[in-house]
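Visitor: Here it is, the structure in full.
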Amino acid sequence: MNAKACFRSLTLLIAGLSSIAVGASPDSAPLPTIAREQVSATLWMQRAEEYRIATESVFRLATERLPVLVSEPGSAAIEQVGDAKAWAKLNTAIIVDLDETILDNSYYQARQIRAGAEYDEASWQVWMQEAAATAVPGAVEFLQAASRAGHRIFYITNRACAPMPSMDDPCPAKTATRKNLQRLGLPDADYPDALMLRGSHPEWRTSDKTSRRAWVASRYRVIALFGDDLNDFMPRADYAKRRAEFADFFGRRWFLLPNPIYGSWERALLGGACTPSMTATQCAMATTERRYGLLETEGQR
Ligand SMILES: [Mg+2]
């Protein structure tokens, strides 16, 4: 059976199963394809001991490496350029991404799945305003230990700093996120520059985090980076070209958390599957067809 035929058979099977899905009545519309396909990944992050062990292991390794990261020359930020002797005298900093690195938003994902919906900006804003994300296992303990050891923590996130119609606040996402960090007892949440959102400065309007890392690197020696996406370390396109140069940074200066739900890995695979003329349903089906087509059934790597 080729990929297309396989996809069609699975579509018919899944359409039949959707009537017995959680929250679906027998005569309700089939659940949107992408939401349905994120059930296992979301369950793994919420329920699997393996996920908890994996993230705690990453943060434990980083905690053990902190003294070495300070004593070893060098920087974790590729944006830290110039005279190494000069920036070796700077105070030290650690840069972390927020979503699915420090903050667990799987509850938002679960709500969208239950509602038969996908990610959308409006529902995401509602979730952010709740400031109810919990911490990725191991994150609080690591960040508190790093702060006690004297390292400044910078949170570089692509949560968007943009006004909302019903709110007076010029950056409601920043206010809500800071509240979330404070609730979790995360260090430096009150430090004015620690929380760096997309668009919170005129030069930080894009999702590319290079300029924000450079801002930190011009003021501190960056000893470690944490993220769940290659873009948290360097632009994904650059990594593809410089893989050999930076491969041994991981587990030493760069610490990667697992995120099977979303990320630039997925966008890289699914880019172009949808066209502007497609409806949301057609787009969901097209991306699902792309996913099935990309499955490898023999060792090819
Ligand atoms: Mg993230």
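Visitor: Among the residues of region 50-68, are any at pLDDT 85 or above, under 20 Å from the mean Cα position of the chain (by Cα) and not in a helix (DSSP H, G or I)?
Guide: no
Visitor: If you go through region 105-118 one residue at a time, do you hit one that is part of a loop (DSSP other than H, G, I, E, B), over 17 Å from ALA62 (Cα atoms) and basic (Lys, Arg)?
Guide: No, region 105-118 has no match at all.
Visitor: For ILE94, state whether it is within 16 Å of the ligand (Cβ to nearest atom) and either part of a strand (DSSP E or B) or aliphatic (A, V, I, L, M) (or both). Break it down into steps so the answer makes sense when it comes.
Guide: On the way: within 16 Å of the ligand (Cβ to nearest atom): yes; either part of a strand (DSSP E or B) or aliphatic (A, V, I, L, M) (or both): yes.
In short, yes.
Visitor: Related question: Somewhere in region 230-253, is a residue within 13 Å of the ligand (Cβ to nearest atom), surrounded by fewer than 22 Cβ atoms within 10 Å (Cβ to Cβ) and without any contact (Cβ under 8 Å) to a residue 12 or more places away in the chain?
Guide: no
Visitor: Please find, within region 78-91, the residue that is nearest to the ligand (Cβ to nearest atom) out of those that are surrounded by fewer than 17 Cβ atoms within 10 Å (Cβ to Cβ) and not in a loop (DSSP other than H, G, I, E, B).
Guide: Once the filter is applied, the top-ranked residue is ALA84.
A quick yes/no check of all residues on (1) crowded, with 21+ Cβ neighbours inside 10 Å; (2) farther than 23 Å from ALA217 by Cβ; (3) among the polar types (S, T, N, Q):
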{"position": "GLU118", "(1), (2), (3)": "no, yes, no"}
{"position": "GLN129", "(1), (2), (3)": "no, yes, yes"}
{"position": "PHE142", "(1), (2), (3)": "yes, no, no"}
{"position": "SER147", "(1), (2), (3)": "no, no, yes"}
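Visitor: Moving to a separate point now. Condition check: in a loop (DSSP other than H, G, I, E, B), closer than 25 Å to SER264 by Cα and at pLDDT below 95. Does ALA162 satisfy that?
Guide: Yes, satisfied.
Visitor: Still on this model: Kindly establish whether PRO170 is modelled with pLDDT under 95, closer than 29 Å to ARG236 by Cα and of a type outside the set (Ser, Thr, Tyr).
Guide: no
Visitor: Can you name the residue in region 97-115 that is more than 16 Å from the ligand (Cβ to nearest atom) and surrounded by fewer than 16 Cβ atoms within 10 Å (Cβ to Cβ) and, of all such residues, is modelled with the highest pLDDT?
Guide: ARG111
Visitor: Does region 124-144 contain any residue that is among the hydroxyl-bearing types (Ser, Thr, Tyr), modelled with pLDDT of 90 or more, farther than 19 Å from ARG213 by Cα and within 16 Å of the ligand (Cβ to nearest atom)? Lay out the reasoning, then the answer.
Guide: Taking region 124-144 as the starting set, the residues that turn out to be among the hydroxyl-bearing types (Ser, Thr, Tyr) are 134.
Now drop any that are not modelled with pLDDT of 90 or more, which leaves 134.
Now narrow it down to the ones that are farther than 19 Å from ARG213 by Cα: 134.
Narrowing further to those that are within 16 Å of the ligand (Cβ to nearest atom): 134.
Scanning region 124-144 turns up at least one residue that is among the hydroxyl-bearing types (Ser, Thr, Tyr), modelled with pLDDT of 90 or more, farther than 19 Å from ARG213 by Cα and within 16 Å of the ligand (Cβ to nearest atom).
Visitor: Within region 149-164, track down each residue that is away from the ligand (no atom under 16 Å from the Cβ) and closer than 20 Å to ARG219 by Cα.
Guide: Hits for region 149-164 are ALA149, GLY150, HIS151, ARG152.
The values are calculated or read from the model by the stated rules, or taken from the named source; none is laboratory data. These numbers come from a predicted model, not from an experiment. Note that each Cβ is placed from the backbone with ideal geometry, even for glycine, and that neighbours are counted across all protein chains shown.
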